[in-house]
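The values are calculated or read from the model by the stated rules, or taken from the named source; none is laboratory data. Keep in mind that this is a model prediction, so the values were computed, not measured. Counting neighbours? That spans all protein chains shown, and the Cβs are built from the backbone with ideal geometry, glycine included.
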């Protein structure tokens, strides 16, 4: 043992790493992507010793659009090893226009156990290259774009609320691969007003799940505030719109190459986007029963965190813009939202924000959450920040319906 310690000390004094001293040329043992929500990727070693992580693109059907931005993987390496990771294949195509996700990849989250996450900054080394250097705290370290929210996390939430008399969980259809889609209703369907929220149309964008979890838990707290909220409105949530994509670690599209936040300007294609067809049928049934939502939010992540307010040539556009201005004012008042809304000429044809307003008369805002920075808190985001935001939305909705009388 003394000889071993002397030999190791000599190696350290000479600047020789454990890996080199023992003949191991690579302190990384393995990158594991075999678990739930892990992202597909392949890796190799660059000339300078960095690990090149080649993300795999999702492709949109009948379109040049492609997306690679989700990652969730597990490093296996020697404790204390310092690994430099370089993320490649960041040249995405959005709405037919080339661009790089590198400009939004300014932070990642790390966890030793896959549950407790810490946000850390990345290093930009080129317009489309991003690096991250980590020191292994133990033999395993999870790395993810955002704090993950998996199908198993939704299952735990559903199990925790299923027996609450204020909750109804209703299957509305299935995904391409046969996973059940459910609507969670919190509160009495006979309440004066109704709010609908959809989360996770794009698999990498986990903020929406944390937000709706925080909101649901706040509404079910059972205190005087929760009772007050549920006397005024009930909440409907589609918590995981793209379950197949989430399960397989996708970035943007469903498994048949459809963007679930597009094509809402016409009836959904049940063969290619059964997820949207199921939601559309549910909305039409609710409307036929006289219980159409008065307000809807479509929750996403991006690099700016704005409210996306589309302006289609709808006869109800003026009314819609007034209501969205009220919503933005209340978000600024009761949450850490500071980023503002899109410019007055903004259009996003085919999005739920436009389609539901034009076809059903529902006021919808597409709410993006900045994926790397919360300006109102001056912090990097994790799930707890977004859950807190969801809790505060309960008050926003209550006051919205006090000011707006749909």
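Tabulated results
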quantity: Among (1) buried (at least 22 other Cβ atoms within 10 Å of the Cβ); (2) touching a strand residue (DSSP E or B) at 6+ places or on another chain (Cβ under 7 Å); (3) outside any strand (DSSP E or B) - the single one residue 213 does not satisfy; calculated: (2)
quantity: Residue within region 289-306 that is modelled with pLDDT of 95 or more, farther than 25 Å from residue 203 by Cβ and assigned to a helix (DSSP H, G or I) present; calculated: no
quantity: Sole exception among (1) modelled with pLDDT of 95 or more; (2) over 22 Å from the mean Cα position of the chain (by Cα) for residue 345, by number; calculated: (1)
quantity: Evaluation of residue 357 against (1) surrounded by fewer than 20 Cβ atoms within 10 Å (Cβ to Cβ); (2) over 19 Å from the mean Cα position of the chain (by Cα); (3) free of Cβ contacts under 8 Å to residues at least 60 places away in the same chain (one fails), failing number; calculated: (1)
quantity: Those residues of region 149-178 which are in contact with a helix residue (DSSP H, G or I) (Cβ under 9 Å, 6 or more places away or on another chain), more than 30 Å from residue 270 (Cβ to Cβ) and in a loop (DSSP other than H, G, I, E, B), in sequence order; calculated: 166
quantity: Criterion: within 26 Å of residue 102 (Cβ to Cβ) and either touching a helix residue (DSSP H, G or I) at 6+ places or on another chain (Cβ under 9 Å) or exposed (fewer than 15 other Cβ atoms within 10 Å of the Cβ) (or both) - qualifying residue of 339, 322, 368; calculated: 368
quantity: Residue list for region 365-380, restricted to those being assigned to a strand (DSSP E or B) and over 13 Å from residue 121 (Cα atoms); calculated: 365, 366, 367, 368, 369, 370, 374
quantity: Test: residue in region 121-128 that is touching a helix residue (DSSP H, G or I) at 6+ places or on another chain (Cβ under 6 Å), modelled with pLDDT of 95 or more, surrounded by 15 or more Cβ atoms within 10 Å (Cβ to Cβ) and on the phi < 0 side of the Ramachandran plot; calculated: no
quantity: Any chance residue 163 is closer than 21 Å to residue 41 by Cβ and over 19 Å from the mean Cα position of the chain (by Cα); calculated: no
quantity: Whichever residue in region 190-210 is in contact with a strand residue (DSSP E or B) (Cβ under 6 Å, 6 or more places away or on another chain) and assigned to a loop (DSSP other than H, G, I, E, B) and, among such residues, is nearest to residue 59 (Cα to Cα); calculated: 205
quantity: Out of 93, 108, sole residue that is more than 27 Å from residue 263 (Cβ to Cβ) and without any contact (Cβ under 8 Å) to a residue 40 or more places away in the chain; calculated: 108
quantity: Residue that is farthest from residue 88 (Cα to Cα) [pool: residues in region 129-146 that are modelled with pLDDT of 95 or more and in contact with a helix residue (DSSP H, G or I) (Cβ under 8 Å, 6 or more places away or on another chain)]; calculated: 146
quantity: Within region 230-265, tally of residues that are buried (at least 24 other Cβ atoms within 10 Å of the Cβ), in a helix (DSSP H, G or I) and touching a strand residue (DSSP E or B) at 6+ places or on another chain (Cβ under 9 Å); calculated: 2
